[in-house]
Amino acid sequence: MHEKYSSTPRPLPALNALRAFEAIARHLSFARAAEELHVTPAALSHQIRGLEQEVGVALFHRRTRAIELTEAGRLIYPGIHAGFASLRNAVGQIERVRGHNVLVISATPGLVAKWLMPRLWRFLHAHPDIDARVSASLKLTDFAAEGVDVAIRLSKGIPADLHGEKLFDDAMLPVCSPRLVEQGLRGAEDLPRFPLIHYDFATSMYAPPVWTDWFAVAGLEGVGGTRGLRVNAADHALEAAVAGAGVALSHKLIASDDVHSGRLVTPFGPELPLRSGYYFVCPKGHETRPMVRAFRDWLFDEMAETKGKWGTLSPDWRVAG
């Protein structure tokens with residue numbers, strides 16, 4: 001006689017107990033998990049004891065000053081962690097439907113501070129039915145998990161599962177306060193007499209060219225390329241340059257407004273073209289959504305204006321026309 005097996009799935013443990021396990025395993029701390037879940041460590045300990053009794057195995061080794069997962073705990077954690085991530089994503093989709101008139105925009109911090117924010121009011125004024133939320137981040141965007149609608153990213157290309165259109169072919173170029181030109185910064189050969197400002201990119205995903213790269217293209221030898229002021233934000237580097245702290249090697253797009261307002265000048269070349277460009281990016285298929293399409297069209301118009309202004313710079317690199 002063949003043994004019969006029930007097709008009824010085994011009941012899951014209580015959701016609160018699983019949530020307690022996931023938070024504790026992620027933090028490896030009852031105290032930090034309790035703070036996240038707004039309960040007491042004692043309440044979490046009670047839930048975990050109940051969960052361990054229900055599944056019939058210990059899930060944590062409790063040490064004097066630390067805890068660690070048992071073999072069983074390590075086995076079930078990835079699935080439970082992924083399950084709660086899916087739940088959070090699903091609830092986030094509800095939030096997006098409820099806030100259907102909110103456009104969530106992600107861009108790099110320097111671009112947000114120096115280019116996007118001074119212009120975004122024009123988009124909102126032209127589309128009063130749309131609200132915007134801006135997220136400044138250097139990391140790659142997870143559109144679904146983060147609830148992002150559109151992104152502006154500096155990249156060599158766009159993954160096949162995303163819709164991307166190039167906005168701007170960027171380059172690096174020296175910029176400084178007009179005061180430094182008045183003090184004798186006339187050509188690249190004068191750089192050894194002036195401080196350099198360095199932008200240390202805060203992620204390994206993209207590393208822009210540095211002063212030593214520019215010196216090589218400019219044909220300068222024997223010039224110290226590491227001296228001077230170091231910052232880890234592009235807009236901070238530009239503000240330091242505006243204040244006269246030195247010469248910054250800046251992304252052309254991010255420096256646009258300061259150059260064309262006269263706060264900064266481009267005292268000499270050459271430009272150092274990048275293999276990366278700025279792209280408009282959204283999930284494939286979302287480019288036809290009315291809000292996304294409206295923002296995309298506005299963005300390309302603004303970029304065209306910025307490109308046009310760069311064309312007004314006089315040939316000697318010194319001033320805007």
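Checking the a/c ratio against 1.5 first, then a/b against b/c, what shape does the Cα gyration tensor give for the range 93-172?
On the way: a/c = 1.93, a/b = 1.20, b/c = 1.61.
Verdict is oblate for the range 93-172.
Taking the charge dipole of the chain about its Cα centre, with +1 at Lys and Arg Cβ atoms and -1 at Asp and Glu Cβ atoms, the residue from 290, 171, 211 reaching farthest to the positive side is 290.
Suppose accessible area is computed on protein heavy atoms with a 1.4 Å probe; arrange 259, 217 from highest to lowest.
Final ranking, largest accessible area leading: 217, 259.
Phi-derived couplings, Karplus 6.51 cos²θ - 1.76 cosθ + 1.60 at θ = phi - 60°, listed residue by residue for the range 235-242: 5, 5, 4, 5, 5, 5, 5, 4 Hz, with x used for Gly and Pro.
Rule-of-thumb check for the range 6-88: C-alpha Rg over 2.2 N^0.38 Å? Intermediate results must be reported in sequence, preceding the final value.
On the way: Rg = 12.6 Å, N = 83, 2.2 N^0.38 = 11.8 Å.
My calculation over the Cα atoms of the range 6-88 gives 1.07.
For the range 217-263, the spread of Cα coordinates along the three principal axes comes to 34, 20, 17 Å, biggest extent given first.
Please state the shape class of the range 180-255: rounded when a/c is under 1.5, otherwise prolate if a/b exceeds b/c and oblate if not, all from the C-alpha gyration tensor. Oblate, since a/c reaches 1.5 and b/c is not below a/b. With respect to the chain, whose longest principal axis is taken over its alpha-carbon atoms, helix 71-98 is tilted by about 60°. Each residue of the range 16-21 is assigned a 3J(HN,Hα), and the resulting list reads 4, 5, 5, 5, 4, 4 Hz, derived from the Karplus form 6.51 cos²θ - 1.76 cosθ + 1.60 (θ = phi - 60°), x at Gly and Pro.
Close Lys pairs in the chain, defined as Cα atoms under 24 Å apart and 8 or more places apart or on different chains, number 20. Phi-derived couplings, Karplus 6.51 cos²θ - 1.76 cosθ + 1.60 at θ = phi - 60°, listed residue by residue for the range 264-277: 10, 10, 9, x, 6, x, x, 6, 10, x, 9, 6, 9, x Hz, with x used for Gly and Pro.
Share of antiparallel DSSP beta bridges in the chain, in percent to the nearest 5? Working shown, then result.
Values: 23 of 37 bridges.
Among the beta bridges of the chain, antiparallel pairing accounts for roughly 60 percent.
Contact order, relative form, for the chain: 19 percent (alpha carbon pairs under 8 Å, 6 or more residues apart, mean separation divided by residue count). The charge dipole of the range 118-243, taken about the Cα centre with unit charges on the Cβ atoms of Lys, Arg (+1) and Asp, Glu (-1), comes to about 320 debye, rounded to the nearest 20. Counting only Cβ charges, +1 for Lys and Arg and -1 for Asp and Glu, the dipole size of the chain around its Cα centre is about 620 debye.
Taking all C-alpha pairs of the chain, those more than 30 Å from each other amount to 53 percent.
Of the residues 311, 85, 267, the one whose Cα sits farthest toward the positive end of the charge dipole of the chain, with +1 on the Cβ of Lys and Arg and -1 on the Cβ of Asp and Glu, is 85.
The values are calculated or read from the model by the stated rules, or taken from the named source; none is laboratory data. Everything quoted here is computed from the prediction, not taken from an experiment. Every residue, glycine among them, receives a Cβ derived from its backbone with ideal geometry; neighbour counts consider all protein chains shown. What goes into the accessible areas is simple: the full protein's heavy atoms, side chains included, and nothing from ligands, DNA or RNA. Shrake-Rupley method; radii C 1.70, N 1.55, O 1.52, S 1.80 Å.
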